[in-house]
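Each value in this text was obtained by applying a stated rule to the coordinates, not by laboratory testing. Everything numeric in this text was worked out from a predicted model, so none of it was measured. Cβ placement follows ideal geometry from the backbone for every residue including glycine, while neighbour counts extend to all protein chains displayed.
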Amino acid sequence: MALRSAVAAGLCLVLGAVGAAASSEIPRAVTLAGNEVAAPADLGARSILVASFHRVANGAAREWRRVLDDDRRTEGWSVYTVVVLEGAPAFVRRMVVRALRGDVPPARQESFLVVEEGADAWRDLAGSNGEEEDRADAVFVVRLENGEVCGRYRGLVSGVALSDLLSASCED
């Protein structure tokens, strides 16, 4: 429990240091495989998160994930797709999760994080202020190393954006 508190405190400090509105809430989700996850503690030491908070941006998020999965520079990284369903009716949530489980191979279901509540904590981690999330380019990509936010990007995938994200320094 002390470790989880230290991680939460560290996350708030890191987010505050990079200019995000720090939330005291730890981002939580459930994987498609049904396991609960708290970020960043339960993620890989070197992780990349791809999140969209509105269905309009889902196509661009899928493209980011495809590029990250195919890029040799991300070998050894844990890449996660964050599917935010908070606010959607329960029947829509069930439909989306069922469809994803059918589309995502079982071996990759741990890398799909479903958020049904607590989306604001994920917004804080992603660096979103909650505005203009209903745009196709409202995809948030976050690079984490050992729980520290090393880089953030909002927008469509590009070679330059990916290179900048992967080369961002984790040191102050």
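Here is how the numbers come out for the structure above:
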| read-out | value |
| --- | --- |
| Residue list for the stretch 131-150, restricted to those being surrounded by fewer than 19 Cβ atoms within 10 Å (Cβ to Cβ) and without any contact (Cβ under 8 Å) to a residue 24 or more places away in the chain | Glu131, Glu132 |
| Number of positions in the stretch 75-107 that are touching a helix residue (DSSP H, G or I) at 6+ places or on another chain (Cβ under 9 Å), more than 19 Å from Ala126 (Cα to Cα) and in contact (Cβ under 8 Å) with a residue 40 or more places away in the chain | 3 |
| Candidates Arg65, Arg123, Arg93, Arg72, filtered to the one that is of a type outside the set (Asp, Glu) and surrounded by fewer than 15 Cβ atoms within 10 Å (Cβ to Cβ) | Arg72 |
| Given (1) of a type in the set (Gly, Ala, Ser); (2) in a helix (DSSP H, G or I); (3) loosely packed, with under 15 Cβ neighbours inside 10 Å, number of the condition Ala60 does not satisfy | (3) |
| Filtered residue count, the stretch 125-154, keeping only those that are outside any loop (DSSP other than H, G, I, E, B) and of a type outside the set (Phe, Trp, Tyr) | 14 |
| Qualifying position, being among the β-branched types (Val, Ile, Thr), part of a loop (DSSP other than H, G, I, E, B) and either in contact with a Pro (Cβ under 7 Å, 6 or more places away or on another chain) or farther than 21 Å from Ala38 by Cβ (or both), among Val67, Val92, Val96, Val157 | Val157 |
| Conditions (1) in a loop (DSSP other than H, G, I, E, B); (2) touching a helix residue (DSSP H, G or I) at 6+ places or on another chain (Cβ under 6 Å); (3) of a type in the set (A, V, I, L, M, F, W, C); number of the one not met by Cys170 | (2) |
